[in-house]
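To start, the structure itself, in structure tokens.
The values are calculated or read from the model by the stated rules, or taken from the named source; none is laboratory data. What you see is a predicted model, and the numbers here were worked out from it, not measured in a lab. Reconstructed Cβ throughout: ideal geometry from the backbone, glycine too, with neighbour counts over all protein chains shown. For accessibility, only protein heavy atoms count, side chains too; no ligands or nucleic acids. Shrake-Rupley method; radii C 1.70, N 1.55, O 1.52, S 1.80 Å.
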Amino acid sequence: MSYGGISATRRVGVAVVGLGNAGQGHFAAIGNCPEYSVIAGVEPDVDVARRVSVPIRDFAEILRDDAIDVVAFCLPPGGRAELVARALHCGKHVVVEKPPAQTVSELDDLTSAARAAERFAVVMFQHRLCLPDRLTTLDPSALAQHFSGATGSLVVSRRRADTYYGRGWRSRAAVAMGGVTAHLGVHYLDLACQVLGPIAEAEVLSRVEAAPGVDSELVGHVRFVSGAALNIAVTSRSEHRCEHLAIFGSKDRLEIRDGACTGEFDGETIARAARPAVELRAEVYRRLAIAVRTGSDPGVIALSRSRFVTDGLVRLSGAAAIPAGVDSAW
């Protein structure tokens, strides 16, 4: 993969689309990256737009601006894919917030659009950077084979008020693609999929909804094509915070607890300390800057590596994709 590059002496120009909570996280990350210059933001809500000091511009306008190399999409998944595809078609590299897509076919269309446009598409699954490089640089099928037949558990607990998923765009399943599993549990589900590979089947054992199709608690079981099995519990109803993924193979072991990664893999010990989320997000942007400047593959943060987790979210959420031609407030 080699998509050309920009001068190493010029800052990478970026525009952020959507300036809510996710957008604020992106601004904080970009602020830690001297490789970038924020050119503009796109936000229809005037009150939200006041949160930042960059120029607020129209989406079509930023697509015409040659100073903007990267467009970051900090929008809910419903209706977002068309905008991402437009940016790619206009020659922009893109950063996509999680959840990465509403369906596997939507994800495939975006990765195909990126290849056709010869532009990079990456996803803000910053927790992938918690994994050791020797795992993420392996062919995904070879990595899954290491953990063939493994048993694992995933527990994510992040407190949210009862109204958090019960109003606004978060209460609309066709826009939000679910609730706590899609927006908080998804990072660790993605880590499981990075290690264990494609999913064979997923079963929801119990589910509590804050709104139709929007879960505030989910317990389930996932079986992977490799034969590995994973028990899942995700909740926003407990006061206690926890993010924990444990995978036990016949010889290999991997445990990620609140960002710290330990275990044994292929006879070697794994021990990586936790890093702040803003630092991990900044690393996503740094890796993209290297790709944009040199034309090199961005690696583990590539959007194309989100196929398995997207499939898992669809199976667990059961949320319908936003109907064709329906806009999600954009």
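Here are the numbers:
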{"item": "Filter result (at pLDDT 95 or above and surrounded by fewer than 19 Cβ atoms within 10 Å (Cβ to Cβ)) within region 212-231", "result": "Val219, His221, Arg223, Val225, Gly227, Ala229, Asn231"}
{"item": "Any hit, region 54-63, residues being free of Cβ contacts under 8 Å to residues at least 12 places away in the same chain, among the small types (Gly, Ala, Ser) and over 27 Å from Ala173 (Cβ atoms)", "result": "yes"}
{"item": "Filter result for the condition that a residue is more than 30 Å from Asn32 (Cβ to Cβ) and in contact with a helix residue (DSSP H, G or I) (Cβ under 6 Å, 6 or more places away or on another chain), over Ser206, Ser236, Ser216", "result": "Ser216"}
{"item": "Some residue of region 174-192 being closer than 30 Å to Asp133 by Cβ and of a type in the set (Phe, Trp, Tyr)", "result": "yes"}
{"item": "Checklist (1) closer than 21 Å to Pro77 by Cβ; (2) more than 23 Å from the chain's Cα centre (by Cα); (3) among the small types (Gly, Ala, Ser) applied to Ser216, failing item", "result": "(2)"}
{"item": "Contacts under 6 angstrom Cβ, first residue in region 70-81 being closer than 14 Å to Val175 by Cα, partner of a type in the set (Gly, Ala, Ser) and open to solvent by 20 Å² or more (accessible area, probe 1.4 Å), 6 or more apart", "result": "Cys74/Ala22; Gly78/Ala174"}
{"item": "Tally, over region 153-198, of residues that are in a helix (DSSP H, G or I), surrounded by fewer than 18 Cβ atoms within 10 Å (Cβ to Cβ) and in contact (Cβ under 8 Å) with a residue 12 or more places away in the chain", "result": "1"}
{"item": "Flag if Ser306 is in a loop (DSSP other than H, G, I, E, B), out of contact with any Gly (no Cβ under 8 Å at 6 or more places or on another chain) and in contact (Cβ under 8 Å) with a residue 12 or more places away in the chain", "result": "no"}
{"item": "Selection from region 89-116 of residues that are within 21 Å of Ile6 (Cβ to Cβ) and either modelled with pLDDT under 95 or outside any helix (DSSP H, G or I) (or both)", "result": "Cys90, Gly91, Lys92, His93, Val94, Val95, Val96"}
{"item": "Criterion: assigned to a helix (DSSP H, G or I), modelled with pLDDT of 95 or more and either open to solvent by 50 Å² or more (accessible area, probe 1.4 Å) or not charged (D, E, K, R) (or both) - qualifying residue of Arg128, Arg119, Arg86", "result": "Arg86"}
{"item": "Count of residues meeting criterion [open to solvent by 20 Å² or more (accessible area, probe 1.4 Å), without any contact (Cβ under 8 Å) to a residue 60 or more places away in the chain and at negative phi] in region 89-116", "result": "8"}
{"item": "Selection count where residues are part of a strand (DSSP E or B) and either of a type in the set (Gly, Ala, Ser) or more than 23 Å from the chain's Cα centre (by Cα) (or both), scope region 1-38", "result": "3"}
{"item": "Flag if Arg158 is of a type in the set (Lys, Arg) and under 22 Å from Leu280 (Cα atoms)", "result": "yes"}
